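Just below is one structure, and these are the notes that go with it.
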Amino acid sequence: NGIQQTVSDIQVDTEKTEHYRIVSKRYNGPYPASSGMYDNSGKEISRSGNDRSYILSVYDRRNREWISHKTYDLYGTADNAVSLAEDLNALDNTKIIVLNGTHAPRDNRLEGNLPEAIYRCGGSRDVFEYANWGGSHPSYVLVGIPGMGEGLGKENFAPSSTGWLDVQLTINNGNVSFDSYTDNVQPRMTYAESRITQLADEIDLKVDVDGIVSQINLNREGVRIKGNLIHLDGTTLINDGVIQNAHIANGTIERAKLVRAIIGEAQIEDLAVTNAKIASLNADKINASSLSAISANLGTVRAGRLLSSNNNLDANLNTGNITLRNAYLTIANGAQINFEDAGNTLTYRKYDGSDGFSRSAGIGVGDRIGGRYPFAYLGTTGASNLDSLSPYFSGFIANSTAATGEDNATNSVNGFIFQMRNRAVGWDKGITFDFNGNPTITMIGGQSNDYSIGALYQIRGKQGFNIINDYNSRSGWYLETTYAGNGTDITFRGMY
């Protein structure tokens with residue numbers, strides 16, 4: 001005879017699958033739908049008013065609902081890039097984010113640590129930095145989870161020439177399917193049962209929560225305690241014990257003599273060995289917080305990231321991105337750097353807080369229209385991406401001799417004004433070419449230096465051609481090169 005009492009509690013939430021449509025299109029583009037997020041009924045849920053630059057939508061995975069939709073206009077000011085980065089970094093993996101880059105998302109996107117916040121939520125450098133962001137209105141959509149890591153989210157990109165994206169999103173019980181990332185939120189289902197059984201020669205206490213069982217059993221053979229975690233809070237005395245498998249976080253053994261020991265697995269937090277001789281060591285895995293060696297031949301090393309102790313070198317071997325700080329890079333003995341893509345550049349970017357624009361300077365390579373001939377350029381542009389096709393590009397463009405001979409290409413110096421000078425600083429001789437208004441060519445220090453123009457075959461001019469004294473503009477000659485129609489013919493006469 002005995003007494004048995006059982007108490008059960010079961011709570012279950014039904015499954016929930018949601019379907020959404022995310023549209024991103026360029027300003028005044030031909031795509032029939034407006035930029036934003038639409039639910040399964042076709043209702044737009046993500047914005048009100050201006051949609052320029054970026055719309056951030058945040059979904060609570062546990063409560064299974066959208067909790068915010070906010071627009072960040074990076075086109076107007078880089079301060080909004082800072083705000084967007086801060087809001088993304090404040091989110092954890094209990095959220096899903098949808099970042100819709102629409103209607104001029106290019107400018108200022110690389111400011112305010114925004115790229116790092118994007119990569120934390122699953123974006124990648126290959127798309128967010130290095131894709132073809134030329135033109136004013138590319139389209140970008142990222143679906144990710146804060147903290148998942150670079151390149152693990154769902155990214156969609158369309159250049160300005162395409163002008164739109166239409167992305168389908170399915171959320172199943174607060175989870176999104178990613179190709180190589182799993183961080184599923186468990187459905188809210190709880191099963192709990194507690195039971196006390198008392199017999200004449202045995203007492204059994206049992207608690208079962210979602211299949212996790214904790215139990216205490218007392219009978220004539222002894223006491224059995226079962227559970228995932230048994231916490232003994234206080235001094236514990238064991239007179240005679242057999243421990244089959246133990247993990248001791250902090251143990252002190254004053255003296256131990258092991259005649260023979262077989263250790264299948266050992267985790268030692270702090271081990272000091274006075275003298276050890278190991279002829280050969282084979283290890284499938286070694287995890288060391290600090291490892292130093294005088295010399296090592298490592299053969300092939302596979303790793304995800306190489307980071308120096310002072311953060312001056314950061315090499316991500318998975319993405320191919322290398323960051324150097326306070327470093328000198330030396331390339332010797334005839335080494336070459338080969339650019340394999342027409343979009344390769346060496347770029348310096350600078351944000352101007354006075355007018356809110358980012359500008360860039362550097363060296364780049366490309367292909368002429370048609371793709372037959374390469375060209376190189378050196379200069380600056382009024383945007384964060386170096387682009388020789390920008391109307392604000394200022395610099396030098398060099399084409400191949402084949403392109404100049406067969407494709408009517410030219411080597412060009414581009415800009416509103418430039419000079420050819422005898423020195424970089426402290427110059428006193430040179431020529432100024434000014435294309436502002438009526439173009440002029442002016443000799444630098446013309447009154448102090450005697451400039452000569454070599455043998456010329458001809459000088460072409462309009463009907464009248466003036467030769468004016470540099471000191472007195474009323475002194476000079478007027479050369480009439482065509483019939484004036486008033487009785488005068490081709491003449492060479494004084495101006496006054």
Q.
For the stretch 398-414, check the following and say yes or no: at least one residue is without any contact (Cβ under 8 Å) to a residue 40 or more places away in the chain, exposed (fewer than 11 other Cβ atoms within 10 Å of the Cβ), polar (S, T, N, Q) and not in a loop (DSSP other than H, G, I, E, B).
A. yes
Expected output for the stretch 328-345 (first residue at negative phi and polar (S, T, N, Q), partner surrounded by 10 or more Cβ atoms within 10 Å (Cβ to Cβ) and assigned to a loop (DSSP other than H, G, I, E, B), Cβ below 7 Å, 6+ apart or cross-chain) is T345/L386
Residues of the stretch 417-442 being surrounded by 12 or more Cβ atoms within 10 Å (Cβ to Cβ) and hydroxyl-bearing (S, T, Y), in sequence order, are T432
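A quick yes/no check of all residues on (1) touching a residue at least 24 places away in the same chain (Cβ under 8 Å); (2) touching a helix residue (DSSP H, G or I) at 6+ places or on another chain (Cβ under 8 Å); (3) closer than 30 Å to L152 by Cβ:
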residue: G320; (1), (2), (3): no, no, yes
residue: S358; (1), (2), (3): yes, no, yes
residue: R368; (1), (2), (3): yes, yes, no
residue: P374; (1), (2), (3): yes, no, no
residue: Y377; (1), (2), (3): no, no, no
residue: G382; (1), (2), (3): yes, no, no
If we keep only residues of the stretch 116-162 that are modelled with pLDDT of 95 or more and out of contact with any Leu (no Cβ under 9 Å at 6 or more places or on another chain), then the residue farthest from T319 (Cα to Cα) is E116
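So, P105, is that one more than 23 Å from G320 (Cα to Cα), outside any strand (DSSP E or B), touching a residue at least 40 places away in the same chain (Cβ under 8 Å) and not polar (S, T, N, Q) or not?
Here the answer is yes, as P105 does meet what is asked.
So that you can scan it fast, the table gives a plain yes or no per residue for (1) modelled with pLDDT of 75 or more; (2) more than 30 Å from P105 (Cα to Cα); (3) surrounded by 13 or more Cβ atoms within 10 Å (Cβ to Cβ):
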position	(1), (2), (3)
Q168	yes, no, no
N173	yes, yes, yes
I203	yes, yes, yes
K206	yes, yes, yes
D210	no, yes, no
L218	yes, yes, yes
G222	yes, yes, no
T235	yes, yes, no
Of those in the stretch 359-384 that are polar (S, T, N, Q) and modelled with pLDDT of 90 or more, the residue surrounded by the most Cβ atoms within 10 Å (Cβ to Cβ) is T381
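The values are calculated or read from the model by the stated rules, or taken from the named source; none is laboratory data. Keep in mind that this is a model prediction, so the values were computed, not measured. Because the Cβ atoms are built from the backbone with ideal geometry, glycine has one as well, and the counts that use them run over all protein chains shown.
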